[in-house]
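Here the structure is laid out as structure tokens; the discussion comes afterwards.
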Amino acid sequence: MYNSGKIIIGLVLFIGLVTTPIWFNIGKADVKPDPSLNTPVIQQMKVKHCIESKQFMIDNHMRLLYDWRYAVVRDNMTIYKSTTGQYFTMSLETTCFHCHSNEKQFCNQCHTYANIQPYCWECHVKPAQESANGH
Amino acid sequence: MDIDKRQFLKIVGVSSALWIGSRLAGGLSSVFGIKDRFDKRALADAGYEVSKMLPDPKELKARQWAMAIDIRQFKTPDDYTRCIGVCDKIHNIPDIPTKQDIKWIWEEPYNAAFPEQHNQYMEAALENKSVLLLCNQCEFPPCVRVCPTGATFKRPDGIVMMDYHRCIGCRYCMAACPYGSRSFNFRDPRPYIKKIDPDYPTRTRGVVEKCDFCAERLDQGLMPACVDASKGAMIFGDLRDQNSAIRKVLSTNFSIRRKPELGTQPNVFYIL
């Protein structure tokens, strides 16, 4: 091989540069998202239960919110009957944020982890607790 | 390895049969690849009973909502600002001090609101009077015809509604509206809102907005906010119900509409 010295040094440098993200993050623990349910309203609830089961909400909240949005805006339906037979107003502001008033510790935990940027907040107003702190 | 045509067809046939069989076991919808991301069936597939969405039992119903504005009853500046102010407040409407201002309900001089009615030597009191203008909730809305995304649409009760989630900001609707009832958000409106009401969303940069007869209040059984604030100077009701308040007012008073010659059938009537 001609110029093998230069080529091998170049290759080592190249591989080193390309793999820098690995060297920077090696040995660091992956911080798992940890959505907090610690809000005043949730603490006061006797039975801590969302409108549907926890697993259902984790898996399907985005579908549910999409369905709500369609139903409220386009079909003038405003009431949601949950599988437990309870009735809820389909509203991000008055229903979801009533309990989940901690957007940073609740919504953003997973959304940041999964690198998802929902654009809800461009129009929908963040819970008062957050905006009071200058969100 | 050599295979002849006969062997080849056998292999293809058996493997296709196996594939189709396995897909059939997974339900017909997946055979054809039809699976809406947000299909209700997806929720049911997840093992949950499909829950129901219903209208509010208190909701006000109509076949065609309409409004009559009795401009004789608007005497002091406060009569106007009361109606405009309550709308601005509950709908988070910004106050932008340029041509880019957002308006849902606003004042205009009589001869600007009704240019074709501007006669020579007309009654000075009327000529100099301000009139409240808002979206006419046309029966045949040109804005809905031109909207390329279905972001603006007509509800069964006649309200021309905006779905801001779908608006792409093309402003075709603004070009189509003969009444100037639509405003475009050239910038983020939030810094221009005096006090944001957290119960109602603001809008974002790049969407068009307008009055929607307080559709969200009607769905909760409330009258439009300006009607409530007007102390009887604005009458609201079902135009298709002959016993409604608005039909009574229209049948006993002389009323005009803005640009009726365009055939959009505006549903805001002005009593002179």
> Counting just the residues of the stretch B:141-189 that are within 14 Å of chain A (Cβ to nearest Cβ) and of a type in the set (Phe, Trp, Tyr), which one comes out farthest from B:Trp65 (Cα to Cα)?
Replying inline: B:Tyr164
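Condition first: under 17 Å from the mean Cα position of the chain (by Cα) and either more than 18 Å from A:Ser101 (Cα to Cα) or β-branched (Val, Ile, Thr) (or both). Now tell me which residues in the stretch A:31-61 satisfy that. Explain how you work it out, then say what you get.
Filtering the stretch A:31-61 for residues under 17 Å from the mean Cα position of the chain (by Cα) gives A:31-39, A:50, A:54-61.
The answer is A:Val31, A:Lys32, A:Thr39, A:Gln55, A:Phe56, A:Ile58, A:Asp59, A:Asn60.
Just need a number here: residues in the stretch B:80-103 that are assigned to a helix (DSSP H, G or I), more than 23 Å from A:Val72 (Cβ to Cβ) and in contact with a helix residue (DSSP H, G or I) (Cβ under 7 Å, 6 or more places away or on another chain).
Of the residues in that region, 2 qualify.
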> Are any residues in the stretch B:62-83 under 24 Å from B:Gln265 (Cα atoms) and of a type in the set (Val, Ile, Thr), and if so, which ones?
Replying inline: B:Ile69, B:Ile71
>> Looking only at the stretch A:84-131, filter to residues that are closer than 18 Å to A:Phe56 by Cβ, surrounded by 15 or more Cβ atoms within 10 Å (Cβ to Cβ) and at the interface with chain B (Cβ under 9 Å from one of its Cβ atoms); which one of those is farthest from the chain's Cα centre (by Cα)?
In response: A:Met90
>> Any residue in the stretch A:105-119 that is under 23 Å from A:Ile42 (Cα atoms) sitting within a Cβ distance under 6 Å of a residue that is surrounded by 13 or more Cβ atoms within 10 Å (Cβ to Cβ)? List the pairs, counting only those 6 or more apart or interchain.
In response: A:Phe106/A:Pro35; A:Phe106/A:His100; A:Gln109/A:Pro35
> Can you name the helices (runs of 4 or more DSSP H) wholly within the stretch B:109-169 that have at least 3 residues being more than 18 Å from B:Cys211 (Cα to Cα)?
Replying inline: B:110-113, B:124-127
>> Filter the stretch B:170-199 down to the residues that are surrounded by 18 or more Cβ atoms within 10 Å (Cβ to Cβ) and part of a loop (DSSP other than H, G, I, E, B) and list them by number.
In response: B:Cys177, B:Tyr179, B:Ser181, B:Arg182, B:Asn185, B:Pro189, B:Ile193
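Scan the stretch B:137-152 residue by residue and report those that are crowded, with 18+ Cβ neighbours inside 10 Å and farther than 18 Å from B:His91 by Cα. First the steps, then the outcome.
To start, the set of residues in the stretch B:137-152 that are crowded, with 18+ Cβ neighbours inside 10 Å comprises B:137-138, B:141-143, B:147, B:151-152.
Answer for the stretch B:137-152, where residues must be crowded, with 18+ Cβ neighbours inside 10 Å and farther than 18 Å from B:His91 by Cα: B:Cys138, B:Pro141, B:Pro142, B:Cys143, B:Cys147, B:Ala151.
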>> Against the conditions (1) more than 25 Å from A:Leu92 (Cα to Cα); (2) part of a loop (DSSP other than H, G, I, E, B); (3) of a type in the set (A, V, I, L, M), where does B:Ile235 fall short? Just the number, please.
In response: (2)
>> Quick check on B:Glu108: is it over 21 Å from the mean Cα position of the chain (by Cα), within 30 Å of B:Pro189 (Cβ to Cβ), surrounded by fewer than 17 Cβ atoms within 10 Å (Cβ to Cβ) and of a type in the set (Asp, Glu)?
In response: yes
> When the residues of the stretch A:33-76 are filtered to those that are within 11 Å of chain B (Cβ to nearest Cβ) and among the polar types (S, T, N, Q), which remaining residue is surrounded by the fewest Cβ atoms within 10 Å (Cβ to Cβ)?
Replying inline: A:Gln55
> Could you give every pair whose Cβ atoms fall below 9 Å, whose first residue belongs to the stretch B:238-252 and is under 10 Å from B:Ala68 (Cβ atoms), and whose second residue is hydroxyl-bearing (Ser, Thr, Tyr), counting only separations of at least 6 or pairs across chains?
Replying inline: B:Val249/B:Ser255
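So that you can scan it fast, the table gives a plain yes or no per residue for (1) closer than 24 Å to B:Pro178 by Cβ; (2) touching a residue at least 40 places away in the same chain (Cβ under 8 Å):
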{"site": "B:Lys52", "(1), (2)": "no, no"}
{"site": "B:Asp78", "(1), (2)": "no, no"}
{"site": "B:Thr81", "(1), (2)": "no, no"}
{"site": "B:Lys89", "(1), (2)": "no, yes"}
{"site": "B:Gln100", "(1), (2)": "yes, yes"}
{"site": "B:Pro109", "(1), (2)": "yes, no"}
{"site": "B:His118", "(1), (2)": "yes, no"}
{"site": "B:Cys135", "(1), (2)": "yes, yes"}
{"site": "B:Cys138", "(1), (2)": "yes, yes"}
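Is it the case, given these coordinates, that B:Arg217 is part of a helix (DSSP H, G or I), surrounded by fewer than 22 Cβ atoms within 10 Å (Cβ to Cβ) and of a type in the set (Lys, Arg)?
Values: part of a helix (DSSP H, G or I): yes; surrounded by fewer than 22 Cβ atoms within 10 Å (Cβ to Cβ): yes; of a type in the set (Lys, Arg): yes.
Against the criterion (part of a helix (DSSP H, G or I), surrounded by fewer than 22 Cβ atoms within 10 Å (Cβ to Cβ) and of a type in the set (Lys, Arg)), B:Arg217 qualifies.
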> If you take the residues of the stretch B:243-272 that are basic (Lys, Arg) and assigned to a helix (DSSP H, G or I), which of them is surrounded by the fewest Cβ atoms within 10 Å (Cβ to Cβ)?
Replying inline: B:Lys248
> Out of the stretch A:1-22, which residues are surrounded by 10 or more Cβ atoms within 10 Å (Cβ to Cβ) and of a type outside the set (Val, Ile, Thr)?
Replying inline: A:Gly10, A:Leu11, A:Leu13, A:Phe14, A:Gly16
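Since every read-out is calculated from the coordinates, none of them should be taken as a lab result. Keep in mind the model is a prediction, meaning the values are calculated, not measured. Note that we place each Cβ from the backbone using ideal geometry, even for glycine, and neighbour counts take in every protein chain shown.
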